[in-house]
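K.L.:
Sharing a structure here in structure tokens format.
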Amino acid sequence: MAKELLMPKLGLTMKTGKIVKWHVSEGDKVAQGDDIYDVENEKLTNTIQAPESGTILKILLPEGGSAPVLQTIAVMGEPGEDISGVLAKAESGGDAPAEGSAPAAVAEEASAAGGKRVTVIGGGPGGYVAAIRAAQLGGEVTLIEKEHIGGTCLNVGCIPTKALLHASSFEDAAKAAAAYGVDMKVEKLEWDKVMAKKGEIVDRLVGGVKGLLKTNGVKVVNGMGKALSPSDVEVACADGSKKDIKGDKVIIAAGSIPAIPPIPGVKENKNCIDSTGALSLKKVPKSLLIIGGGVIGIELGSAFNAFGTEVTIIEALPKLLPMMDGELTAQLRSILEESGMVIKTEAKVMSVEDSPAGAKVNVQENGKDVSYDAEKVLVAVGRRTDTAYLDLDKAGIENDRGRITVNDKMETSVPGIYAIGDCLGKVMLAHVAMTQGTVAAENAMGRNSLYDGDTNVSCVYTSPEFAGVGLTEEQAKEQGIEYTTGVFPLAANGKSLIMNNGVGAIKLMFGKEYGQLIGAHILGPNATEIIEEMAVALGMEMTEGEIIGTIHGHPTVNEAVHEAAMAAQGRALHMPN
Ligand code: NAD
């Protein structure tokens, strides 16, 4: 029976391969395991063996030829066998993916297409990066922002939260110092000074971005923008006037706002706050109940817990941080509980009532009705796209209930209108928005750039930090991908022992078929920095062997990456295998 030999997929992201050499000719007999051809992709060259014994009946791809993975490149079978059916299927393209489906990030030279006037709606991390990139490429750029340049991230999100977390870390640092015989007691917490320092950092960064926009010649308009077409954006200016901005391309970067769940009492109770409210509290609350054990809940919960607030987290799902690796999330949960936070999972908030303390939160927990009193209730159940004002349907921009649909060039269903970041309603992270902003700006300026989210890292700023890239074990199982894992506990890592008593672990996952890194998860000191090494390794499809072959400095937390890769091969040096 004729067997098609397909262009092999030599790694998770390999899209095409090139035949470097055929070791056989048509009519040659081969035994199973004989070398038959050499194939190369951007990264490696492999010699491929015959999957079974037989005769090479037809070679379809000559030496030097390239083909998408899974395209038929030769046919083997019995001499004289009719292979016309197989050849017809191969000619029609077979099961190979369509050309151009590769989500590799490429930037080619401008095709001189289109005009140069680009209007960006939204000045958050996605929008301001898009504006700068378009200006770098020679665009005449107008950026419309309704509120603050820097958007949620700089003003009421990532940056102020991290400033608060940093302020909250000093008490722990003092405790850790005591273990080294260094006496540095934290005497008091002056909340207004914490807030002032946070504000100073935000102002400095926002000022820096404004300066960059100016240097790049970007015109900033303060108002609400609405794209009517790629060439027409209507602006309701903050001063009450209206403006029509004519251009050639539009990039929508409208961002997101906190989602308010339809829980009775939440809207009515003034002690129910969102993350913006939590970042501008006038004093540290005595108690804080958090609805939602996602990133916002965990990060702000950690900060207030360290400031002395009694923190209770109510999470509807069986685990915290749904997008993070389950095994390490369970470890983090124990650490947070040890630090004093009360965490309830599979618990659903049913209603909120007024109470002398501030709010009474009624929860259904393991089939029982329980209630909690808290001074403040932080609602952190996710964010939703901020696109209502944009009249997407009227402009013909395809969307799913306000979540804008784009292709991998970040272009919407209206050619010439691009959309990026949180307003897509997918991955709501500043670094994703920045990458997409660059891609959209390059395409708007006539280049050919594609967005590839494979190396997108998730960073949670807890103590210790928690970060991940690639697949979690849960996702690998769901997708039926076979893998091996290597876990190295940081208790056996010298630098971690010095820094945080060795709390945490590094877990690497490698695909069984090709041996390449498919996921990395780190709970430990500097996790949000170390994860970038793993993102590079994942992007380069590095294997266990290649990570092991990379010398890691000693003593560093990073050297535990090396050990985790060795653990995957059952040969870790600093722990029993
Ligand atoms: P999230 O989606 O991360 O988590 C929300 C959580 O609330 C989920 O676990 C969900 O199961 C739970 N939930 C929903 N309804 C509930 C209910 N009625 N009762 C109890 N639990 C309920 O959302 P978030 O934490 O609000 O964060 C919003 C966005 O901001 C996310 O996209 C996040 O990635 C982003 N963000 C990122 C960072 C970071 O990267 N460090 C920090 C903050 C926010």
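The values are calculated or read from the model by the stated rules, or taken from the named source; none is laboratory data. As the structure is a computational prediction, the values presented were derived from the model and not from experiment. Cβ sites come from the backbone with ideal geometry, for glycine too, and all protein chains shown count toward neighbours. The accessibility values were calculated without ligands, DNA or RNA, using every heavy atom of the protein model including side chains. Shrake-Rupley method; radii C 1.70, N 1.55, O 1.52, S 1.80 Å.
K.L.:
Just read off the accessible area of TYR389 with the full protein assembly in place, 1.4 Å probe, to the nearest 10 Å².
P.N.:
80 Å²
K.L.:
Ordering LEU497, LEU517 by accessible area with a probe of 1.4 Å, largest first, what comes out?
P.N.:
Sorted by accessible area, descending: LEU497, LEU517.
K.L.:
If the reach is capped at under 18 angstrom between alpha carbons, list the aspartates and glutamates near LYS193, excluding any in the same chain fewer than eight residues apart.
P.N.:
GLU171, ASP203
K.L.:
Sticking with this one: Net charge near ILE245, counting Lys/Arg +1 and Asp/Glu -1 over other residues with Cβ under 10 Å of its Cβ?
P.N.:
+1
K.L.:
Pop out the ³J(HN,Hα) list for the stretch 256-272 in order, Karplus 6.51 cos²θ - 1.76 cosθ + 1.60 with θ = phi - 60°, rounded to Hz; leave Gly and Pro as x.
P.N.:
Those phi angles translate into 9, 10, x, 7, 9, x, x, 8, x, x, 4, 5, 7, 7, 5, 8, 7 Hz.
K.L.:
Let me ask another. Can you list residues whose amide H is under 5 Å from ARG383's amide H, if they're 5+ apart or on another chain and H is modeled 1.01 Å from N?
P.N.:
Excluding prolines and chain starts, which carry no amide H, the hits are ALA259.
K.L.:
From the phi angles alone, apply the Karplus equation (6.51, -1.76, 1.60; θ = phi - 60°) to the stretch 403-413 and give each ³J(HN,Hα) in whole Hz, x where the residue is Gly or Pro.
P.N.:
Per residue, the Karplus-derived 3J(HN,Hα) values read 8, 6, 8, 9, 8, 6, 9, 6, 8, 7, 5 Hz.
K.L.:
If contacts are Cα pairs under 8 angstrom and at least 6 residues apart, what is the relative contact order of the stretch 272-380 in percent?
P.N.:
For the stretch 272-380, the relative contact order is 33 percent.
K.L.:
Also: Of the accessible area of the stretch 457-568, with the probe set at 1.4 angstrom, what percent is carbon plus sulfur?
P.N.:
54 percent
K.L.:
Okay, next question. In percent, what relative contact order does the chain have, based on Cα pairs under 8 Å that are 6 or more apart in sequence?
P.N.:
It comes to 12 percent, rounded to a whole number.
K.L.:
Provide the per-residue ³J(HN,Hα) series for the stretch 49-57, in order, calculated from phi with Karplus coefficients 6.51, -1.76, 1.60 and θ = phi - 60°, each as a whole number of Hz, with x at glycine and proline positions.
P.N.:
Along the stretch 49-57, the couplings run 9, 5, x, 7, 7, x, 10, 6, 8 Hz.
K.L.:
Now for a separate question. Give me the log10 of I(q) over I(0) for the stretch 135-187 at q = 0.22, 0.23, 0.24 Å⁻¹, as the Debye formula computes it from C-alpha points; what are the numbers?
P.N.:
-0.86, -0.88, -0.90
K.L.:
Right, here's the next one. Amide H of LEU6 versus every other amide H placed in the peptide plane: which residues, excluding those fewer than 5 positions away on the same chain, fall under 5 Å?
P.N.:
Counting only residues 5 or more places away or on other chains, the set is ILE73.
K.L.:
Just to compare against my own numbers: the Cα pair-distance distribution for the chain, 10 Å bins, whole % per bin, please.
P.N.:
3, 14, 21, 23, 20, 11, 5, 2, 0, 0
K.L.:
The stretch 267-331 to the stretch 134-169: how many Å between their Cα centroids?
P.N.:
23 Å
K.L.:
Quick check: from the Cα gyration tensor, does the stretch 262-344 come out rounded (a/c under 1.5), prolate or oblate?
P.N.:
Oblate, since a/c reaches 1.5 and b/c is not below a/b.
K.L.:
Separate question: Sort LYS282, LYS495, LYS116 by heavy-atom solvent-accessible area, probe 1.4 angstrom, most to least.
P.N.:
Descending accessible area places them as LYS282, LYS116, LYS495.
K.L.:
Check VAL221: other-chain or 5+ apart residues with amide H under 5 Å from its amide H, H built from backbone geometry?
P.N.:
Here LEU143, ILE144, GLU145 satisfy the definition.
K.L.:
When 1/r is averaged over all different Cα pairs and the result inverted, which Kirkwood radius in Å belongs to the stretch 343-410?
P.N.:
15.5 Å
K.L.:
Okay, moving on. Once you've got the Cα coordinates, tell me which of LYS146/LYS426; LYS188/LYS283; LYS219/LYS282; LYS197/LYS282; LYS146/LYS210 are over 25 Å apart.
P.N.:
Violating the 25 Å limit, Cα to Cα: LYS219/LYS282.
K.L.:
Excluding same-chain residues fewer than 8 positions from LYS495, which lysines have a Cα within less than 25 Å of its Cα?
P.N.:
Partners found: LYS162, LYS175, LYS185, LYS507.
K.L.:
Under a 1.4 Å probe, what is the accessible area of the stretch 491-577 per residue, stated in Å²?
P.N.:
I get 41 Å² per residue for this part.
K.L.:
Which whole DSSP H helices in the chain pass both tests: a Cα extent of 27 Å or more along the axis and a mean Kyte-Doolittle value no lower than -0.5?
P.N.:
191-215
K.L.:
Report the label-to-label distance for LYS512 and LYS368 in nanometres (one decimal), using points 7 Å from each Cα along the Cα→Cβ vector.
P.N.:
4.3 nm
K.L.:
Roughly how far apart, in whole Å, are the Cα centres of the stretch 176-220 and the stretch 59-76?
P.N.:
58 Å
K.L.:
Checking the cross-link filter: which lysines have an alpha carbon closer than 28 Å to that of LYS89, excluding same-chain neighbours under 8 positions apart?
P.N.:
Answer for LYS89, where 28 Å is the Cα cut-off: LYS3, LYS9, LYS15, LYS18, LYS21, LYS29, LYS58, listed by chain and number.
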